[in-house]
Amino acid sequence: MARVILILIPIILLFLLAFVIGKHNAQEVSLNLLVVERTFSVASILGVTLAIGFVLGLLTVSLGYWRLKWQVRRLKKALVKSAGAK
């Protein structure tokens, strides 16, 4: 439980920081998206960028975690197989 809280605290603080920065800087910014150019508020750009970064980071960490979990499972099977052969 403490681990979840320690993970959520920085995330909540980052979202609050993005909200405060966006609230104090409410100007519109033109954003060129290769094909189309649109106008967004700084708060929405900051929030979307933060969310995309969080999702990409979570994806990277979970892929590494599952790869290591699969490797441990494979090594355990090899260990059981070699112990059974002796």
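The values are calculated or read from the model by the stated rules, or taken from the named source; none is laboratory data. Note that the structure is a prediction, hence the values are computed from the model and not measured. Positions of Cβ are backbone-derived with ideal geometry, glycine not excepted, and every protein chain shown enters the neighbour counts. Ligands, DNA and RNA are stripped out before the accessible areas are found, and what is left, the full protein with its side chains, is counted by its heavy atoms. Shrake-Rupley method; radii C 1.70, N 1.55, O 1.52, S 1.80 Å.
Amide H neighbours of Ser41 under 5 Å, at least 5 residues apart or on other chains, H built in the peptide plane: list them.
The answer is Val29.
Can you give the calculated 222 nm mean residue ellipticity of the chain, where each DSSP H run of n ≥ 4 adds -39,500 (n - 2.57) and the sum is split over every residue, rounded to the nearest 500 deg cm²/dmol?
On the way: 2 runs with 67 residues, N = 86.
Theoretical 222 nm ellipticity from helices: -28500 deg cm²/dmol.
Restricting to lysines 8 or more places apart or on different chains, can you count the pairs in the chain with Cα atoms under 28 Å from each other?
On the way: Lys69/Lys77; Lys69/Lys81; Lys69/Lys86; Lys76/Lys86; Lys77/Lys86.
Close lysine pairs under the 28 Å cut-off: 5.
Taking the Cα centre of the stretch 40-86 as origin, work out the dipole magnitude from +1 charges on Lys and Arg Cβ and -1 charges on Asp and Glu Cβ, in debye rounded to 20. Don't skip to the answer; put the middle values down first.
Details: 8 positive and 0 negative charges, 142 e Å.
Roughly 680 debye, rounded to the nearest 20.
Any idea of the accessible area per residue across the chain, 1.4 Å probe, to the nearest Å²?
Ligands and nucleic acids excluded, the figure is 90 Å² per residue.
Suppose we look only past 20 Å in the calculated P(r) of the chain. What percent of the Cα-Cα pairs does that tail hold? Kindly include the intermediate steps, with their values, before the conclusion.
On the way: 2210 of 3655 pairs.
When all Cα pairs of the chain are counted, 60 percent exceed 20 Å.
Ignoring ligands, DNA and RNA, what percent of the 1.4 Å accessible area of the chain is carbon and sulfur? Kindly include the intermediate steps, with their values, before the conclusion.
Values: 5660 of 7710 Å².
Roughly 73 percent of what the probe reaches on the chain is carbon or sulfur.
Could you give the nm distance between label points at Asn25 and Ile45, where each point is 7 Å from its Cα heading toward the beta carbon?
Distance between label points: 0.8 nm.
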